[in-house]
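Some notes on the structure that comes next.
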Amino acid sequence: MLITCPYCGPRDVSEFAYQGDGNRKRPDPASTDPETWNAYVYDRLNPAGAHNEIWQHAGGCRAHLAVVRDTLTHEVSSVRFAREHGAPTHGRRKSGAKA
Amino acid sequence: MVEQLSPLEPVFRAGSHGNFVDGIGVTLSEIAPGSIVQLAAWPGQEKKLMATINSVTALKLADGAGAGASSDRYAAFGFAPAKFLVTDTSEGLAATFAKEVPSAIGTVTDLSHGRTALRITGAKAEWVLAKLFAIDFSSAAFPLGSGISTTHHDIFTQIQRSGPASFDLYVFRSFARSFWKMLCHAADEVGYEVR
Ligand SMILES: [Zn+2]
């Protein structure tokens, strides 16, 4: 499986660390509602298909990435920096591209 | 001045090794720059940091991920968003940047004693490196001057293309000796010279 890092280009999955489900929204830290925290920690959609995920390019530029991966085929349909909202803006060397 | 010691010293054997009867495929060396410095810009400050690198080193860093350049004295390349590695054949580069980079722009980290710099040069350099890293080393994908961050068996490595058939590798100093031995094993097949 390859993940195309917006900075580094296509890299082997062994360079990346999975950081979990990208759909989760951290509850208000002031919240003491056990149901809310239980849902945050344990409830997962577990879809058979496209899945929002957070990965870190730990063995490369170390950026955190928002990845959409198909859980049935491992096809990666979208990668962007997790800190950005919207499409990736840093085009890097796609395979065979010039500087 | 402190006398520089190499972590490779017990295993560094100058001369020809491996399958060199039909010629030397690669030359391996330690380049031992006097300074290795990591620079990082805060969000939105990358352009100012690059301008500082350009003015200190007289290198022209292009925009774009991994862009880099080198001269007889300096080498520089981006290895992560808004992060750069800069080397100098002389000592003291970290002190220079500490004066030139205000804390509002970014950070300066002196890695001169923390990294070991190795050079692999020769017709088989891409071939040998491709045994170790899952990276496209062709000049189309990895142009002259540019740099990357990658790993070998979870050991972090930064690599800059320093010539048409030449790459500079920056590895953790504490792993440099075992990495060097592995590099020699990988080069055995094509014949290599250590110098
Ligand atoms: Zn990356």
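The values are calculated or read from the model by the stated rules, or taken from the named source; none is laboratory data. All values reported here derive from a predicted model rather than from experimental measurement. We place every Cβ from the backbone using ideal geometry, glycine too, and count neighbours over all the protein chains shown. The protein model used for the area step is the full one, side chains on, heavy atoms only, and it has no ligands, DNA or RNA in it. Shrake-Rupley method; radii C 1.70, N 1.55, O 1.52, S 1.80 Å.
Under unit Cβ charges (Lys, Arg +1; Asp, Glu -1), what dipole magnitude, rounded to 20 debye, does the stretch B:35-110 have relative to its Cα centre?
Magnitude of the dipole: close to 200 debye.
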What total accessible surface area, summed over both chains, is buried at the interface between chains B and A, computed with a 1.4 Å probe and given in Å² to the nearest 100?
1400
Interface call, the stretch A:1-30: threshold 20 Å², probe 1.4 Å, accessible heavy-atom surface of protein chains, chain by itself vs complex, result A:Tyr7, A:Arg11, A:Asp12, A:Glu15
In whole percent, and with a 1.4 Å probe on the protein chains, what portion of the accessible area of the stretch A:2-85 is carbon and sulfur?
51
List the residues of the stretch B:56-75 for which accessible area in the full set of protein chains is at least 40 Å² lower than for the chain on its own; 1.4 Å probe, protein heavy atoms only.
B:Ala65
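How much length would be gained if the chain were fully extended between B:Phe172 and B:Ala123, taking 0.36 nm per residue of separation minus their Cα-Cα distance, in nm to one decimal?
Extra length from B:Phe172 to B:Ala123 when fully extended: 15.0 nm.
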Ordering B:Tyr74, A:Tyr42, A:Tyr18 by accessible area with a probe of 1.4 Å, largest first, what comes out?
A:Tyr42, A:Tyr18, B:Tyr74
Using only atoms on other chains, find how many Cβ atoms lie within 10 Å of each Cβ of peptide A:73-84 and report the average.
0
How many Å² of accessible area per residue for the protein assembly as shown, probe 1.4 Å?
51
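If I take every Cα pair under 8 Å that is 6 or more residues apart in chain B, average their sequence separation and divide by the length, what percent do I get for the relative contact order?
Working: 390 pairs, mean separation 64.9, N = 195.
That works out to 33 percent.
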Over the protein assembly as shown, what is the percentage of antiparallel beta bridges among all DSSP beta bridges, to the nearest 5?
95
Using only the alpha-carbon atoms of the stretch A:2-85, report the extent along each of the three principal axes, biggest first, to the nearest angstrom.
42, 27, 22
If you find the alpha carbon centre of the stretch B:1-77 and of the stretch A:43-71, how far apart are they in angstrom?
33
Cβ-Cβ cut-off under 12 Å around A:Asn52, Lys and Arg +1, Asp and Glu -1: the net charge is +2
Distance from a point 7 Å along Cα→Cβ of A:Ser14 to each backbone N in the stretch B:109-133: keep the residues under 12 Å and list them by number.
B:131-133
Share of Cα-Cα pairs in the stretch B:35-110 beyond 21 Å, in percent?
12
What are the GluC sites (Glu not before Pro) within the stretch A:31-82 that DSSP puts in a loop, where the Cβ has at most 13 other Cβ atoms within 10 Å?
A:Glu75
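At 37 °C and 0.692 mPa s, grab the translational diffusion coefficient of the stretch B:139-195 from Stokes-Einstein with a Kirkwood Rh over Cα pairs, rounded to a whole number in µm² per second.
263
Is there a quick way to get the dipole size of the protein assembly as shown? I mean about its Cα centre, with the Cβ of Lys and Arg at +1 and of Asp and Glu at -1; what is the value in debye to the nearest 20?
480
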So for chain B, Kirkwood radius off the Cα pairs, Stokes-Einstein at 37 °C and 0.692 mPa s: how many µm² s⁻¹?
191
Taking each residue in B:76-85, count the Cβ atoms of any other chain within 10 Å of its Cβ, then average. What number comes out?
3
Kirkwood Rh over Cα pairs of the protein assembly as shown into Stokes-Einstein at 37 °C, 0.692 mPa s: D in µm²/s?
158
Along Cα→Cβ, 7 Å out, is where each label goes; now give me the distance between the ones at B:Ile155 and A:Leu2 in nm to one decimal.
2.7
Work out from phi, with θ = phi - 60° and the Karplus expression 6.51 cos²θ - 1.76 cosθ + 1.60, the ³J(HN,Hα) of each residue of the stretch A:75-81, listed in order in whole Hz, and give x for Gly and Pro.
5, 9, 9, 7, 9, 8, 4
Cα-Cα longer than 22 Å, checked against B:Lys60/B:Lys124; B:Lys60/B:Lys99; B:Lys48/B:Lys83; B:Lys48/B:Lys99; B:Lys60/B:Lys83, kept in input order, equals B:Lys60/B:Lys124
Output row, site B:Lys181, 7 Å Cα→C-beta label point, backbone N cut-off 20 Å, window the stretch B:1-24, residues B:6-19
Accessible area of the stretch B:35-110 belonging to carbon and sulfur atoms, whole % at 1.4 Å probe
52
